[in-house]
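Q: One structure is given below, represented as structure tokens, and several questions about it will come after.
The values are calculated or read from the model by the stated rules, or taken from the named source; none is laboratory data. Model, not experiment: these values are computed from the prediction. In this analysis, Cβ positions are derived from the backbone assuming ideal geometry, glycine residues included, and neighbour counts consider all displayed protein chains.
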Amino acid sequence: MSAPPVGAVGREHPRLEGRDKVTGAARYAVEYPVENVTYGWAVPAAATRGRILRVDAAPALALPGVLDVLHHGNAPRLTPGVDADLFLLQEPAVHYRGQFVAVVVAESIETAREAARLVRIDYDTEPHSTVLSEHHPGLYRPHKVNPSYPTDTEDGDFDGGFAAAEVRIDATYRTPAYHNNPMEPHATTARWRDGRLLVHDSNQGSTPVQVTLAELFALPRESVRVVAEHVGGGFGSKGYAKAAVVLAALAARQVDRPVRLALTRQQLFGPIGYRTPTIQRVRLGADADGRIAAVCHDAISQTSTLTEFTEQTAVYTRSMYAGPHRRTTHRVVRLDVPTPFWMRAPGECPGAYALESAMDELATACGIDPVELRIRNDPTVDPEQGLPFTSRNLVACLRDGARRFGWADRDPTPGVRRDGRWLVGTGVAGASYPARARAAAAAATAAPDGTFEVRINATDIGTGARTALWQVAADALDVPVDRVAIRVGDSDLPAAGVAGGSMGTASWSWAVIRACEGLRDRLRQAPGGAVPADGLTVEVSTADEVRAQRPLPRYAYGAHFCEVRVDADTGEVRVPRLLGVFAAGRVVNPTTARGQLIGGMTMGMSMALHEEGLLDERYGDWVNHDLAMYHVSVCADVERIEAYWLPEEDPELNPAGVKGIGEIGIVGTAAAITNAVHHATGVRVRDLPVRLDKLL
Ligand code: MOS
């Protein structure tokens, strides 16, 4: 008999693949050894809107070692109508600057890069429009916003309620374009064999990528295999098949050899998607005690001429705070820009920046502490649906955070605390993020030697998902973790959804638990409890069970507290302390959970202080398209950062009882920082980031 099992969920455990990663043994998409491999290099369009007149590949082809130059005139054909952004090298039309219009394939990466420079393309250009403005004549009302929310909502009488309110806030907030910038770029090794396509690809979900590739290349799904065993981050940008995998597959088919293709850092700025800039008008009407009567959030964002992608910016406001008179709207405009895409907490993140800033402005206007203001406006039921929340611990997060941070007795007066050259202030913001789950399949196998293998096509993008699922599996099998092996990241495994929307662990653990439970049942029924020599396998899908979930509002909550110091002479902003308290259901692994939460908070700080895609209107392209000029917070920017979570049991979630923690950390963080900047300086920054020139 083996040692008695020990519960694994809730215990710290280092990542299973951590050692492989730090020793270099873990393989990423373009690191797999492949015989006879070639190298692809993507060529971006140098026009913003128009069409290709002529491609002169001769100078590139003349370079020794160049195998081919693919473009719309000679590339293999793709199925139209699958995804306009992926219909690459098929048509002469140019929809935005930087759109991939050719691929060079060569024997070495150096040759491919040099040859890409030599490809000559003539364009017929047209005038372009690339700048988002609330006055843009092309603004329209989309039919829905992502993923499938109503565009506008209206409850009560906002105009009447707002006009009658004793205290009114009417403020417009602006956020710039943000670029995902995972450490590993979008990268693929593609090869064709006997009509089958095998790709090692950096993505957040190889089942969806497999499905899309099969459609694009008109193949049965079984003829496409997508492996993504280790992924160096994505932040949403790899949530779907993107240009790199399509270009690599096209090129490999054309030259009939394996092709490795990785985008450059510069090429990540645009073609892979980015967080849309937003313009958000928030109006809050309240009584003198800060009780909200009327709330309106009007959000404007951009999309491309290729695809309608409308960020759900105002959706956060629909369920966050109470108030009888409510309105939210979304408008979008098609610009000659790359299609925006998901970036960590799309919608909630920019939306919370605006609403949580407006809440701070309301607190100041009412003379009420901003923590107390939020507690006073905590709704008892979802203000949008009128249904009870499965669990809502925003107030508990605010109270616990205030206690840990030392918020009590805060003097609300802005711009009065000085420590030498530094103006000192503190700020707070609330946070919420939907707790969703999607259907998945999983398989569990018992071996005669008492060990188990659990298989699911989950993707670990660096979050620790593999380790969390392994812990969940051990508990579901009721055996010690060292008897369990877990396999993820391969479309040959049972199909599962994307590592996104903070629903990876919730969705995958559901299937893993059901597979393990099913296997235990089968083992109990086995004659004498013996496992056959070739093992015993149970495979399940959670489709029916997930579909049967009650339609209740499910959210994770959080509260961010921070201290900022602003140099009175230079305007330099420092964040000596950032503290978040979260209520996100059960935490499977405190080590990796903390990494997710402080990672999200750091990214929120980066949004508040550093990140800003600066578009040059003449060319319709971002000028600061590398990590030297597009600033992200680095270790030196992060001083004391703390993440805590409250124990929370919510039986309405999923068998593991988890809510998802990938995105809640970034929601609200930027507002906590700008609110603290206001407290320190008296300056209310309503267009991110907080730059020195906005404070002086
Ligand atoms: Mo996240 S932006 O849902 O991958």
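Q: Can you pull out the residues in the range 339-374 that are within 16 Å of the ligand (Cβ to nearest atom) and either of a type in the set (A, V, I, L, M, F, W, C) or not in a helix (DSSP H, G or I) (or both)? If you could, list the steps in order and put the result at the bottom.
A: The initial filter retains those residues of the range 339-374 that are within 16 Å of the ligand (Cβ to nearest atom), namely 339-353.
Correct list: THR339, PRO340, PHE341, TRP342, MET343, ARG344, ALA345, PRO346, GLY347, CYS349, ALA352.
Q: Then there's this: Taking the conditions exactly as written (modelled with pLDDT of 95 or more, in a strand (DSSP E or B) and either touching a helix residue (DSSP H, G or I) at 6+ places or on another chain (Cβ under 6 Å) or more than 26 Å from GLY558 (Cβ to Cβ) (or both)), does ALA439 satisfy them or not? Walk me through how you get there before you give the answer.
A: On the way: modelled with pLDDT of 95 or more: yes; in a strand (DSSP E or B): no; either touching a helix residue (DSSP H, G or I) at 6+ places or on another chain (Cβ under 6 Å) or more than 26 Å from GLY558 (Cβ to Cβ) (or both): yes.
No, not satisfied.
Q: Further, regarding this structure: Does the range 47-56 contain at least one residue that is among the basic types (Lys, Arg), in the same structural domain as LEU198 (by TED's automatic domain parsing) and not in a strand (DSSP E or B)?
A: Narrowing the range 47-56 to residues among the basic types (Lys, Arg): 49, 51, 54.
Subset that is in the same structural domain as LEU198 (by TED's automatic domain parsing): 49, 51, 54.
Restricting the remaining residues to those that are not in a strand (DSSP E or B) gives 49.
Yes, the range 47-56 contains at least one residue that is among the basic types (Lys, Arg), in the same structural domain as LEU198 (by TED's automatic domain parsing) and not in a strand (DSSP E or B).
Q: With respect to ARG168, determine if the residue is farther than 23 Å from PRO338 by Cβ, at pLDDT 95 or above, of a type in the set (Lys, Arg) and outside any loop (DSSP other than H, G, I, E, B). Can you show your working first?
A: Working: farther than 23 Å from PRO338 by Cβ: yes; at pLDDT 95 or above: yes; of a type in the set (Lys, Arg): yes; outside any loop (DSSP other than H, G, I, E, B): yes.
Criteria met by ARG168.
Q: Still on this structure, please answer the following. Does the range 424-431 contain any residue that is of a type outside the set (S, T, N, Q), buried (at least 24 other Cβ atoms within 10 Å of the Cβ), within 16 Å of the ligand (Cβ to nearest atom) and within 30 Å of ASP85 (Cβ to Cβ)?
A: Checking the range 424-431: not a single residue is of a type outside the set (S, T, N, Q), buried (at least 24 other Cβ atoms within 10 Å of the Cβ), within 16 Å of the ligand (Cβ to nearest atom) and within 30 Å of ASP85 (Cβ to Cβ).
Q: Now, a different point. What's the number of the only condition in (1) over 27 Å from the mean Cα position of the chain (by Cα); (2) surrounded by 20 or more Cβ atoms within 10 Å (Cβ to Cβ) that GLY98 fails to meet?
A: With (1) over 27 Å from the mean Cα position of the chain (by Cα); (2) surrounded by 20 or more Cβ atoms within 10 Å (Cβ to Cβ) applied to GLY98, the lone miss is (1).
Q: Let me ask something additional. From the set of residues in the range 227-261 that are more than 16 Å from the ligand (Cβ to nearest atom) and in a loop (DSSP other than H, G, I, E, B), which is surrounded by the fewest Cβ atoms within 10 Å (Cβ to Cβ)?
A: Restricting attention to the range 227-261, the residues satisfying the condition of being more than 16 Å from the ligand (Cβ to nearest atom) are 227, 229-230, 243-261.
Pick out the ones that are also in a loop (DSSP other than H, G, I, E, B) and you get 229-230, 256-258.
On the way: GLU229: 20, HIS230: 24, ASP256: 11, ARG257: 19, PRO258: 23.
Once the filter is applied, the top-ranked residue is ASP256.
Q: Within the range 479-488, how many residues are outside any loop (DSSP other than H, G, I, E, B) and among the aliphatic types (A, V, I, L, M)?
A: Looking only at the range 479-488, we keep the residues that are outside any loop (DSSP other than H, G, I, E, B), and these are 481-487.
After this cut, where a residue has to be among the aliphatic types (A, V, I, L, M) as well, the list is 481, 484-486.
Summing the residues that are outside any loop (DSSP other than H, G, I, E, B) and among the aliphatic types (A, V, I, L, M) in the range 479-488 gives 4.
Q: Oh, and also: Which numbered condition trips up PRO76, out of (1) surrounded by fewer than 17 Cβ atoms within 10 Å (Cβ to Cβ); (2) outside any loop (DSSP other than H, G, I, E, B); (3) out of contact with any strand residue (DSSP E or B) (no Cβ under 6 Å at 6 or more places or on another chain)?
A: (2)
Q: Hey, can you tell me all the residues within the range 489-527 that are within 16 Å of the ligand (Cβ to nearest atom) and not in a helix (DSSP H, G or I)?
A: Kept after step one, since they are within 16 Å of the ligand (Cβ to nearest atom), are these residues of the range 489-527: 489, 496-508.
The answer is GLY489, ALA496, GLY497, VAL498, ALA499, GLY500, GLY501, SER502, MET503.
Q: Taking the options HIS325, HIS330, name whichever one is over 20 Å from GLU663 (Cβ atoms) and either crowded, with 23+ Cβ neighbours inside 10 Å or of a type outside the set (Lys, Arg) (or both). Steps first, answer last, please.
A: Numbers: HIS330 fails: over 20 Å from GLU663 (Cβ atoms).
Residue meeting the stated conditions: HIS325.
Q: Which condition breaks for ALA672 when tested against (1) away from the ligand (no atom under 16 Å from the Cβ); (2) in a loop (DSSP other than H, G, I, E, B); (3) under 24 Å from the mean Cα position of the chain (by Cα)?
A: Only one criterion is unmet by ALA672, namely (2).
Q: Might you check whether a residue that is closer than 30 Å to LEU219 by Cβ, without any contact (Cβ under 8 Å) to a residue 60 or more places away in the chain and surrounded by fewer than 21 Cβ atoms within 10 Å (Cβ to Cβ) occurs anywhere in the range 122-140?
A: Let us first name the residues in the range 122-140 that are closer than 30 Å to LEU219 by Cβ, namely none.
No: zero hits.
Q: If I filter the range 648-661 down to residues being more than 11 Å from ALA435 (Cα to Cα) and in contact with a helix residue (DSSP H, G or I) (Cβ under 8 Å, 6 or more places away or on another chain), which single residue comes out as surrounded by the fewest Cβ atoms within 10 Å (Cβ to Cβ)?
A: PRO655
Q: Quick check on my filter: what residues within the range 57-67 are surrounded by fewer than 17 Cβ atoms within 10 Å (Cβ to Cβ) and assigned to a loop (DSSP other than H, G, I, E, B)? Working first, answer last.
A: Taking the range 57-67 as the starting set, the residues that turn out to be surrounded by fewer than 17 Cβ atoms within 10 Å (Cβ to Cβ) are 58-59, 61-65.
Within the range 57-67, ALA62, LEU63, PRO64, GLY65 meet the criteria.
Q: So, one more: List the pairs whose first member sits in the range 69-97 and is under 26 Å from THR130 (Cβ atoms), whose second member is assigned to a loop (DSSP other than H, G, I, E, B) and hydroxyl-bearing (Ser, Thr, Tyr), and whose Cβ atoms are under 7 Å apart, counting only residues at least 6 apart or on separate chains?
A: ALA84/THR307; ASP85/THR307; ASP85/THR339; HIS95/THR305; TYR96/THR48; ARG97/THR48; ARG97/TYR619
Q: Considering every residue within the range 375-388, establish whether at least one is within 25 Å of THR674 (Cα to Cα), within 16 Å of the ligand (Cβ to nearest atom) and either out of contact with any helix residue (DSSP H, G or I) (no Cβ under 9 Å at 6 or more places or on another chain) or assigned to a helix (DSSP H, G or I) (or both).
A: Scanning the range 375-388, I find no residue that is within 25 Å of THR674 (Cα to Cα), within 16 Å of the ligand (Cβ to nearest atom) and either out of contact with any helix residue (DSSP H, G or I) (no Cβ under 9 Å at 6 or more places or on another chain) or assigned to a helix (DSSP H, G or I) (or both), so the answer is no.
Q: Here's a follow-up. Within the range 206-225, is even one residue under 18 Å from the mean Cα position of the chain (by Cα), part of a loop (DSSP other than H, G, I, E, B) and farther than 30 Å from ALA363 by Cα?
A: Keep residues of the range 206-225 that are under 18 Å from the mean Cα position of the chain (by Cα), which gives 206-209.
Next cut, part of a loop (DSSP other than H, G, I, E, B) only: none.
Taking every residue of the range 206-225 in turn, none turns out to be under 18 Å from the mean Cα position of the chain (by Cα), part of a loop (DSSP other than H, G, I, E, B) and farther than 30 Å from ALA363 by Cα.
Q: Another question, then. Do any residues in the range 667-679 that are surrounded by fewer than 24 Cβ atoms within 10 Å (Cβ to Cβ) have Cβ atoms under 6 Å from those of residues that are modelled with pLDDT of 95 or more, where the two are at least six apart or on different chains, and which pairs are they?
A: Pairs that qualify, where the first residue is surrounded by fewer than 24 Cβ atoms within 10 Å (Cβ to Cβ) and the partner is modelled with pLDDT of 95 or more, are HIS678/PRO414; HIS678/ARG684.
Q: Then there is this: Return the residues of the range 117-147 that are assigned to a strand (DSSP E or B) and of a type in the set (A, V, I, L, M, F, W, C); say none if nothing qualifies. Explain how you work it out, then say what you get.
A: Of all residues in the range 117-147, those assigned to a strand (DSSP E or B) come to 120-125, 140, 144-145.
Matches in the range 117-147: ILE121, VAL145.
Q: Condition check: over 23 Å from ILE456 (Cβ atoms), more than 16 Å from the ligand (Cβ to nearest atom), in contact with a Lys or Arg (Cβ under 9 Å, 6 or more places away or on another chain) and at pLDDT 95 or above. Does ASP567 satisfy that? Steps first, please.
A: Numbers: over 23 Å from ILE456 (Cβ atoms): yes; more than 16 Å from the ligand (Cβ to nearest atom): yes; in contact with a Lys or Arg (Cβ under 9 Å, 6 or more places away or on another chain): yes; at pLDDT 95 or above: yes.
Yes: the conditions hold for ASP567.
Q: Checking VAL623 against (1) in contact with a Lys or Arg (Cβ under 9 Å, 6 or more places away or on another chain); (2) hydrophobic (A, V, I, L, M, F, W, C); (3) over 24 Å from PRO370 (Cα atoms): exactly one of these is not met. Which one?
A: With respect to (1) in contact with a Lys or Arg (Cβ under 9 Å, 6 or more places away or on another chain); (2) hydrophobic (A, V, I, L, M, F, W, C); (3) over 24 Å from PRO370 (Cα atoms), VAL623 is out only on (1).
Q: OK, next. Kindly check whether there is at least one residue in the range 600-619 that is part of a strand (DSSP E or B), of a type outside the set (A, V, I, L, M, F, W, C) and surrounded by 24 or more Cβ atoms within 10 Å (Cβ to Cβ). Steps first, answer last, please.
A: At the first step, the residues of the range 600-619 found to be part of a strand (DSSP E or B) are 613, 615-616.
Still in the list and also of a type outside the set (A, V, I, L, M, F, W, C): 613, 616.
Checking the rest, the ones that are also surrounded by 24 or more Cβ atoms within 10 Å (Cβ to Cβ) come to none.
Checked against the condition, which is being part of a strand (DSSP E or B), of a type outside the set (A, V, I, L, M, F, W, C) and surrounded by 24 or more Cβ atoms within 10 Å (Cβ to Cβ), the range 600-619 yields no hits at all.
Q: Report yes if some residue within the range 476-495 is more than 30 Å from ARG196 (Cα to Cα), crowded, with 24+ Cβ neighbours inside 10 Å and more than 23 Å from the chain's Cα centre (by Cα); otherwise report no.
A: Keep residues of the range 476-495 that are more than 30 Å from ARG196 (Cα to Cα), which gives 476-484.
This time we only want the ones that are crowded, with 24+ Cβ neighbours inside 10 Å, so: 476-477.
Those still in the list that are more than 23 Å from the chain's Cα centre (by Cα) too: 476-477.
Yes, the range 476-495 contains at least one residue that is more than 30 Å from ARG196 (Cα to Cα), crowded, with 24+ Cβ neighbours inside 10 Å and more than 23 Å from the chain's Cα centre (by Cα).
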